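Novice: Here it is, the structure, as structure tokens.
Laboratory data are not the source of any read-out in this text; all were calculated from the coordinates shown. Here the structure is a predicted model, which means the values were calculated and not measured. For neighbour counting, all protein chains shown are included, and Cβ atoms are generated from backbone atoms with ideal geometry for every residue, glycine included.
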Amino acid sequence: MSGTFWRIGVAGLGTVGGGLLNFLADSPEFAPAGGRAAVTGVSARSRSRPRPFDISNLPWFDDPVALALSDDNDIFVELIGGSDGPAKAAVEAALKAGKPVVTANKALIAEHGAELARLAEETGAPLLFEAAVMGGTPAVKMLREAMVGDTVRSVAGILNGTCNYILTEMEAGERAFADVLAEAQRLGYAEAEPTMDVGGFDAAHKISILAALAFGCAPTYAAAEIEGIDQIELLDIKLAKDLGYRIKLVASADWSPDGVSVRVHPSLAPLSHPLAQAGGALNALFIEGERIGRIFIQGPGAGSGPTAAAVAADIADVMTRAVRPVFQKPAAALRPFTPVDPSKTQTRAYVRFMVKDEPGVIAAVSETLAEAGVSIESFLQKPVENADGVPIVLTTHAVSESVLMAAILQIEQLPAVIAKPRLLRIARI
């Protein structure tokens, strides 16, 4: 650092990197304390790749680790992505050298956050990652700063804009998942290889980070239960709406004396609920505190401008010398999540059975559920044109997930059931 002028090294020049370069060029004096910042070095996979911003006058580094260690920058910004490889090596190098790190890399923080927090603490280097979750919507700051005076019991919301866009368009246009996904890829909302998004893994990285901040734990991505939206059918979207619900990919983390439950599942939210009302590529989050109660935030979860603004906010924190633990507690006190025993997890659920149109089927399904101790809340039988069978749809009262799963497996063996049953949880929000 030279006086109040901060030199920024940026590794990764994609959408967010370009947005950050443009922001710092237009607003070099954005920090609250009046400091100035400018990019003084960049690194990316290709120097010659066409970009909608000029890097010709910036020092180029083929190796992001060399950029991280350069004496010509005061803050290292990692926007490469990926949990390992060059991103991890460069961040580790900067922290070992005692250099502040700002990153938007949710996979890196979710999978290696605890060890990076220890490294940052050892050298006294800030490690900030506001842009890793919900883009420009300040979810990380909310939990790391605003909620420190409360005890957070749960966080839950929509953390992947691609999935939210796909589910919104499936319902609005009455179109199949594959058709909407192809359109999202053409429009740039979804990657050519969409598994990270539609498989629920991106949302799982993000909720693992939020859970760590909320509960003072080490982020434990491997402990998350993950289910994506790639098996969601238009039929279930329609039937759920008939029952008064909308399907959303909900990421949640709950604390209880039994442990911490971190989950990503397609879930039903009541049509009147704020999560059901968050359409398109929006992200939305509920935070439940013992003293404050419920807080709801909603906003863009991706994009050049919003995410670059979140990166700039972290840079401003470094410039103003804000100091706090990476995950609420000192690194030595962080412990992995203690997963909750599934037999102790209670859930309400939507279950669809495709059955032959013959007498006695409804009675057989109802009797099997009753014998298992599963109580039915609502019931719907609605013929569907051009379908091989008739869908029977029901919602349950709260029941042990292990009990419910066993009952569904038993019903699946009935001769009249012609397809694998579909289970969707009703969001606890």
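Novice: Starting from the Cα of K420, draw a straight line to each of the lysines and keep only those under 30 Å, dropping any in the same chain fewer than 8 residues away.
Specialist: Within the straight-line limit of under 30 Å, K420 reaches these lysines: K238, K241, K248, K344, K356, K382.
Novice: Among I411, V365, A398, flag the residue with its Cα farthest along the positive direction of the charge dipole of segment 343-426, charges on Cβ as +1 for Lys/Arg and -1 for Asp/Glu.
Specialist: Comparing the listed Cα positions along the dipole, A398 ranks first.
Novice: Another question, then. Karplus couplings for segment 45-50 from phi (6.51 cos²θ - 1.76 cosθ + 1.60, θ = phi - 60°), rounded to Hz, Gly and Pro as x?
Specialist: Per residue, the Karplus-derived 3J(HN,Hα) values read 5, 10, 7, 8, 4, x Hz.
Novice: Something else: Can you give me the relative contact order of segment 139-300 as a percent, contacts being Cα pairs under 8 Å and 6 or more apart?
Specialist: 34
Novice: Then there is this: If R0 is 22 Å, what FRET efficiency do you get for T4 and A322 from their C-beta distance, rounded to 0.05?
Specialist: 0.90
Novice: Give a residue-ordered list of calculated ³J(HN,Hα) values for segment 61-78 (Karplus: 6.51 cos²θ - 1.76 cosθ + 1.60, θ = phi - 60°; whole Hz; x for Gly, Pro).
Specialist: 10, 5, 10, x, 5, 4, 5, 4, 8, 5, 6, 8, 9, 9, 10, 9, 10, 9
Novice: Here's another thing I want to ask about it. Pop a pseudo-label 7 angstrom from the Cα along the beta-carbon direction at both D63 and S402 and give the gap in nm to one decimal.
Specialist: Here the modelled spin labels are 5.2 nm apart.
Novice: Under a straight-distance cross-link criterion of Cα-Cα below 12 Å, which aspartates and glutamates are reachable from K106, leaving out those fewer than 8 residues away in the same chain?
Specialist: Within the straight-line limit of under 12 Å, K106 reaches these aspartates and glutamates: E78, D84, E130, D202.
Novice: Please report how far the C-alpha centroid of segment 79-141 lies from that of segment 241-287, rounded to the nearest whole angstrom.
Specialist: Taking the Cα centre of each part, segment 79-141 and segment 241-287 sit 27 Å apart.
Novice: Taking Cα pairs under 8 Å and at least six residues apart, what relative contact order does the chain come out at, in percent?
Specialist: 16
Novice: Only counting other Cβ atoms within 10 Å, I'd like I295, I426 sorted with the fewest neighbours first.
Specialist: I295, I426
Novice: Another one. In terms of Cα to Cα distance under 18 Å, which lysines are near enough to K329, apart from those fewer than 8 places away along the same chain?
Specialist: Within reach: K141.
Novice: Cα-Cα pairs above 31 Å in the chain: how many percent?
Specialist: That fraction is 44 percent.
Novice: Cα axis of helix 85-96 to longest principal axis of the chain: angle in degrees, 0 to 90, nearest 10?
Specialist: 50
Novice: If you put +1 on each Lys and Arg Cβ and -1 on each Asp and Glu Cβ, how big is the dipole of segment 65-162 around its Cα centre, in Debye rounded to 20?
Specialist: Using only the charged Cβ atoms, the result is roughly 320 debye.
Novice: Same structure again: Rank-order 45-52, 120-127, 392-399, 214-221 by packing density, defined as the average count of other C-beta atoms within 10 Å over each peptide's residues, highest first.
Specialist: The peptides rank, most packed first, as 214-221, 392-399, 120-127, 45-52.
Novice: Which whole-Hz ³J(HN,Hα) couplings does segment 323-334 yield from phi under the Karplus relation 6.51 cos²θ - 1.76 cosθ + 1.60, θ = phi - 60°, glycine and proline marked x?
Specialist: Once θ is set to phi - 60°, the couplings for segment 323-334 become 10, 7, x, 5, 10, 6, 10, x, 4, 5, 8, 6 Hz.
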